[in-house]
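Quick notes on the structure that follows.
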Amino acid sequence: MLKEHGRFWWAEEKFPEGEIAPARYVNGVLNISDEGQIEIELDGLLPKEKGKSAYILSQAISPDRKIVGLLKNINKYIVAEDLLRSGGVQSRTSISFEKFSAMRCAVLDKKPSRETKIRTIRLPLSGYEDWLKSDFFSDKDLQAWIFY
């Protein structure tokens with residue numbers, strides 16, 4: 001569905017107005033599969049959380065932490081939330097890398113602020129009219145799901 005190279009960083013990183021990314025970013029790839037699985041594979045390691053001395057694989061990330069990125073070819077920002085560190089290697093003898101999976105990822109036209117949160121998701125329903133009007137849903141369900 002989407003596979004884009006970009007620069008990625010923790011959302012709390014500060015950077016001067018007019019810059020496209022903070023100084024502490026890591027290059028990588030965002031991959032959103034047709035099934036909606038979201039993965040960010042980084043060509044390095046994001047800075048550790050304060051007080052953490054080592055990386056733990058398959059580790060849930062604090063719910064208030066998000067990854068922000070700027071995608072290279074489409075020149076759009078992303079915000080990924082509800083993160084899990086799903087793989088990676090911290091090594092002095094080979095290339096360190098890190099993988100994250102996310103439950104939600106928004107693609108934005110402008111640079112997100114530190115307070116940016118994914119509150120709603122808009123999906124086009126064109127092409128699904130027959131399915132939405134099928135016997136699977138009652139009229140009451142349709143009223144709850146279809147917004148005019």
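Coordinate-derived values only; no laboratory data. Bear in mind the structure is a predicted one, so any value in this text is a computation, not a measurement. With ideal geometry, Cβ positions are generated from the backbone for all residues, glycine too; neighbour counts draw on all protein chains shown.
Inter-label distance, Arg104 to Ser126: 2.6 nm, where each label sits 7 Å from its Cα along the C-beta direction. Pairs spanning more than 20 Å between alpha-carbon atoms, out of Lys14/Lys111; Lys14/Lys99; Lys66/Lys99; Lys3/Lys99; Lys48/Lys111: Lys14/Lys99; Lys48/Lys111. Per the Debye formula with a single identical scatterer at each Cα and no solvent contribution, what log10 I(q)/I(0) holds for segment 7-106 at q = 0.13, 0.15, 0.16, 0.24 Å⁻¹? Scattering profile of segment 7-106, log10 relative to I(0): -0.44, -0.59, -0.67, -1.48. In terms of the mean number of neighbouring beta-carbon atoms within 10 Å, the peptides 66-76, 91-101 order highest first as 66-76, 91-101. Among the GluC sites (Glu not before Pro) found in segment 1-50, those both in a DSSP coil and sparsely packed, with 13 or fewer other Cβ atoms within 10 Å of their Cβ, are Glu12, Glu17, Glu19, Glu35, Glu49. Subtracting the Cα-Cα distance of Ser91 and Asp34 from their residue separation scaled by 0.36 nm leaves 17.3 nm.
Charged neighbours of Phe97, selected by a Cβ distance under 13 Å, balance to -2 (K, R count +1; D, E count -1).
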